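> Shown below is the structure under consideration.
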Amino acid sequence: MEHLIELRDIYKIYPMGAEAVHALDGVSLTIGRGEFVAIVGQSGSGKSTAMNIIGCLDVPTSGTYRLGGVDVSTMDDDRQAEIRNKMLGFIFQQYNLIPKLTVQENVELPLLYAGISPEERRERALQSLERVGLADKARNLPSQLSGGQQQRVSIARALAGSPSVILADEPTGALDSRTGREVLDFLRKLNAEGDTVVLITHDNSIAVRARRIVRLQDGRIIYDGDARDPKAVVRPEEREEGET
């Protein structure tokens, strides 16, 4: 399998007064094209820092990050922004839709920043909305949609740029459980169609919907394997307490 994401010995260290906090402490990870991976951990585990580095929103203190074979770990802000626009599609917990823009205009926005022509923007936006079943809502405002529909618009926006990776940050956090399951089912469908999906979550019940789980604790990977394995959702301290 082709390695799309490669993290090698990644450290992210933040100064906190006289001390240094290791948000990531020597993380090495590869994700292949077409995988559906959940990066999971509680608050302070390092999962948000990992997401920021994978999403080219931050750079590591040390170590190497290759995205599609390109070393992005030392790029400046402008070059990282270019990579984000071309290779990454983001899905956020709070949708991040602009209220005054129509659904179609929201989906077109990243394409506008990428310098795509108006005709192509429109075509790609409508194709993305068709994929998420919302082509008939193209002229609606976000306020006229349900929470689940708004999240599907944000998925369409992520898809419009034909990204190499869909990066979903707690995508069901603002949804009720039924609607959240629908969104996760849709991410599974996209993955079945060949899209690479990286899901960031603190919730085991969401993480197990992926095919592979990477669990972080104190900035280190403590599990990396099949999401169906019981060890994927049982933390080490819980296993120790249950052993006799």
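The values are calculated or read from the model by the stated rules, or taken from the named source; none is laboratory data. Keep in mind that what you see is a predicted model, and the values were worked out from it rather than measured. In this analysis, Cβ positions are derived from the backbone assuming ideal geometry, glycine residues included, and neighbour counts consider all displayed protein chains. Accessible surface is based on the protein model in full, side chains and every heavy atom, while ligands, DNA and RNA are left aside. Shrake-Rupley method; radii C 1.70, N 1.55, O 1.52, S 1.80 Å.
> How large is ³J(HN,Hα) for each residue in the stretch 132-148, as worked out from phi by the Karplus curve 6.51 cos²θ - 1.76 cosθ + 1.60 (θ = phi - 60°), to whole Hz, x for Gly and Pro?
With the stated coefficients, the stretch 132-148 comes to 9, x, 10, 4, 6, 9, 4, 9, 6, 8, x, 5, 8, 10, 6, x, x Hz.
> Now, a different point. Collect residues whose amide H, placed 1.01 Å from N in the peptide plane, falls under 5 Å from the amide H of LEU24; neighbours closer than 5 in sequence don't count.
LYS12
> Let me ask another. Modelling each spin label as a point 7 Å along the Cα-to-Cβ direction, I'd like the SER162/HIS3 distance in nm, to one decimal.
Modelled inter-label distance: 2.7 nm.
> Each residue of the stretch 219-225 in order: what ³J(HN,Hα) in whole Hz does its phi give by Karplus 6.51 cos²θ - 1.76 cosθ + 1.60, θ = phi - 60°, with x for Gly and Pro?
With coefficients 6.51, -1.76 and 1.60, one gets x, 10, 7, 10, 8, 8, x Hz.
> Do the sum for the chain: with -39,500 (n - 2.57) for every DSSP H run of n ≥ 4, divided by all residues, what is the mean residue ellipticity at 222 nm, to the nearest 500 deg cm²/dmol? Before the final figure, lay out each step's value.
On the way: 8 runs with 85 residues, N = 244.
Mean residue ellipticity at 222 nm (helix-derived): -10500 deg cm²/dmol.
> Quick one: which residues, 5+ away or cross-chain, put their amide H under 5 Å from the amide H of ILE200? H built at 1.01 Å from N.
Those qualifying (amide H under 5 Å, at least 5 residues apart or on another chain) are ILE39, ALA168, ASP169, GLU170.
> Can you tell which of LEU29, LEU111, GLY41 lies farthest toward the positive end of the dipole of the chain, using +1 and -1 charges on the Cβ of basic and acidic side chains (Lys, Arg; Asp, Glu)?
Positive-most Cα among the choices belongs to LEU111.
> Follow-up. Give the lysines reachable from LYS100 as a straight Cα distance under 21 Å; neighbours fewer than 8 places away on the same chain don't count.
Partners within reach: LYS137.
> Once label points are set 7 Å from the Cα along Cα→Cβ at both ALA135 and ALA81, what is their separation, rounded to one decimal in nm?
Each label point lies 7 Å from its Cα, and together they span 3.4 nm.
> While we're here: Which residue, GLY147, GLY69, GLY17, tops the fluctuation ranking in a GNM of the chain built on C-alpha contacts under 10 Å?
So, out of GLY147, GLY69, GLY17, the one fluctuating most is GLY17.
> Using each residue's phi in the stretch 161-173, evaluate 6.51 cos²θ - 1.76 cosθ + 1.60 at θ = phi - 60° and report the 3J(HN,Hα) Karplus result to the nearest Hz, with x for Gly and Pro.
The phi angles translate into x, 6, x, 6, 9, 9, 10, 10, 9, 6, x, 10, x Hz.
> Carbon and sulfur atoms: what percent of the 1.4 Å accessible area of the stretch 98-196 do they account for?
Roughly 47 percent, rounded to a whole number.
> Checking the cross-link filter: which lysines have an alpha carbon closer than 29 Å to that of LYS12, excluding same-chain neighbours under 8 positions apart?
Leaving aside lysines fewer than 8 places away in the same chain, those within reach of LYS12 are LYS47, LYS86, LYS231.
> Moving on. Using mean Cβ contacts within 10 Å as the protection proxy, how do 176-185, 90-99 order, highest first?
Sorting 176-185, 90-99 by mean packing, highest first, produces 90-99, 176-185.
> Rank these by accessible area, largest first, 1.4 Å probe: ASP25, ASP71.
Solvent-accessible surface, decreasing: ASP71, ASP25.
> Which whole number of Å³ per residue matches the convex hull of the alpha-carbon atoms in the chain?
Details: hull volume 35.5 nm³, N = 244.
Convex hull volume per residue, Cα atoms: 145 Å³.
> Follow-up question, since we're still on this one. For the stretch 1-139, compute the orientation-averaged projected area of the C-alpha convex hull (one quarter of its surface), in nm².
Mean shadow area of the hull around the Cα atoms is 10.8 nm².
> Could I ask something else about it? Assuming R0 = 35 Å, what is the FRET efficiency of SER177 and ALA18, from their Cβ-Cβ distance, to the nearest 0.05?
0.20
> Continuing with this model, one more query. How would LYS189, LYS137 line up by accessible area, probe 1.4 Å, largest first?
LYS189, LYS137
> How would you order 116-123, 191-198 from highest to lowest mean count of nearby Cβ atoms within 10 Å? Kindly include the intermediate steps, with their values, before the conclusion.
Details: 116-123: 13.5, 191-198: 17.0.
Peptide ranking by packing, descending: 191-198, 116-123.
> Using amide H atoms built 1.01 Å from N in the peptide plane, name the residues 5+ places from GLY219, or on other chains, whose amide H lies under 5 Å from its own.
Close amide H contacts, sequence-distant or interchain: GLY46.
> Let me ask you something else. Over the stretch 119-214, consider all pairs of different Cα atoms and compute the Kirkwood hydrodynamic radius from their mean reciprocal separation; express it in Å, one decimal.
One decimal place: 13.9 Å for the Kirkwood radius.
> Have a look at the stretch 105-163 and give its Rg and Dmax from the Cα atoms, expressed in angstrom.
For the stretch 105-163, the Cα-based Rg and Dmax read 10.5, 30 Å.
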